[in-house]
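Peer 1: Quick one: the structure is below, and I'll ask about it shortly.
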Amino acid sequence: MKKKYIVRLTDEERSMLSSLINKGKGTAHRIKHANILLQVDADGPNRTDEQASKAYSCAVQTVLNIRQRFVEQGFEAALERKRYKHSATRTIPDGEKEAGLIRIACSKPPEGYANVDIAIARWKIGYLRDGGFYLCTNGHADTEKNELQPHRSDYRVIPPKENAEFAACMEDVLEVYQRPYTPERPVVCFDEQPTQLIGETRQLIPMEPDQLQHYDYEYERMGTASNFMMTEPLSGWRKVNVRDTRTAVDLAKEVKELLDLDYPDVEKVILVWDNLNTHVPASLYKAF
C-alpha cells in the first residue's frame with residue numbers, strides 16, 4: 001500500500017532516537033516508537049508498516065498513527081501516545097480557582113497521602129472561603145486544561161526564592177483578567193505557537209471541466225513556522241501573524257505592529273504573555 005505519511009529523519013533526530021534506545025531510560029512506548037521511526041525512515045531502512053509492526057509486536061495502525069503524528073505534529077509528538085479528549089462536559093473553573101488548583105498540585109501532599117496526585121484524583125476545588133481554597137469531595141479535579149502531572153518529577157537546578165516571584169506574577173495576571181472592559185485600555189493576550197508544515201510530494205493536477213482536482217496521497221514534513229497570536233478576549237478581536245522564526249526581534253516587530261496598526265489611538269495596551277526568555281523589554285532594544 002502506498003504510504004500517505006513519509007517519515008524522513010534528520011541526522012540529529014536519528015542520533016536522539018538511537019540515544020533514547022541505547023540508554024533505555026524512557027518509557028516503554030517511547031522506546032518502541034523510537035525503534036519504529038528508525039525502521040520506517042525513508043532515508044534509512046525504509047521498512048513497510050507491516051514489517052515494522054511485526055518486528056515490534058504492534059498493530060499496523062499503530063505504525064500508521066506514528067507516521068501521521070510525526071508529519072503533522074513533529075518529532076516529539078511521534079514518540080508519545082495519542083492523547084484523547086474527554087467527551088463529558090466539565091465545569092470550567094475561573095482564574096482564581098484554577099490558580100488555586102495549580103497551587104495545590106505544586107504543593108506538599110496532604111497528610112495521609114503519598115503525593116498530591118492521589119488527592120487531586122479524589123478532590124475537586126470548590127470555592128473561596130476566608131481567603132483560602134475549600135476542597136470538597138464531589139468528583140474529579142478540573143486538571144485537564146493545564147495538563148497537570150504532579151505524579152511526575154525531574155531533576156534540575158531550582159533557583160532559590162522563585163516561588164514568591166511566580167505567585168506575585170500569577171496574582172497580577174488574575175487581577176488583570178477580572179478588570180471590566182475598557183476600550184481605552186484594552187487587555188490583549190499574546191502567545192506564540194510553532195506549526196509543523198506539511199507538503200505534497202508530487203505536483204497536483206488542477207481542476208478541469210468534468211474533472212475534479214487531483215492531488216497525491218503522500219505527505220512529507222517541510223519544516224516549521226511560528227504563529228504569533230493576539231486576542232482581546234473581552235471584545236472578541238483576534239489576529240494571527242506567521243513568521244519563519246520566533247526570535248526576540250520577531251517578537252519586537254509583532255509588538256510594534258500591534259501598537260502602531262491595531263491599537264494606534266488607545267491610551268494604553270495591557271499586554272499579557274507567558275514567561276519566555278524573549279518576553280522582556282530587552283527584545284525591543286534589540287530590534288529598535
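Peer 1: Using label points projected 7 Å from each Cα along Cα→Cβ, tell me how many nm separate V249 and I21, to one decimal.
Peer 2: About 4.0 nm separates the two model spin labels.
Peer 1: If you average the sequence gap of Cα pairs under 8 Å that are 6 or more apart and divide by the length of region 163-263, what percent do you get for the contact order?
Peer 2: Relative CO of region 163-263 lands at 23 percent.
Peer 1: Neighbour counts of other C-beta atoms within 10 Å: give me H279, H29 arranged from fewest to most.
Peer 2: So the residues, fewest neighbours to most, are H29, H279.
Peer 1: OK, next. Name the residue from V63, V7, N22 whose Cα lies farthest towards the positive end of the charge dipole of region 1-71, charges +1 on Cβ of Lys and Arg and -1 on Cβ of Asp and Glu.
Peer 2: V63
No lab work stands behind these numbers, since they all come straight from the coordinates. These figures come from a predicted structure and were not determined experimentally. Quick reminder, even Gly has a Cβ in these numbers, built from the backbone with ideal geometry, and neighbours come from all protein chains shown.
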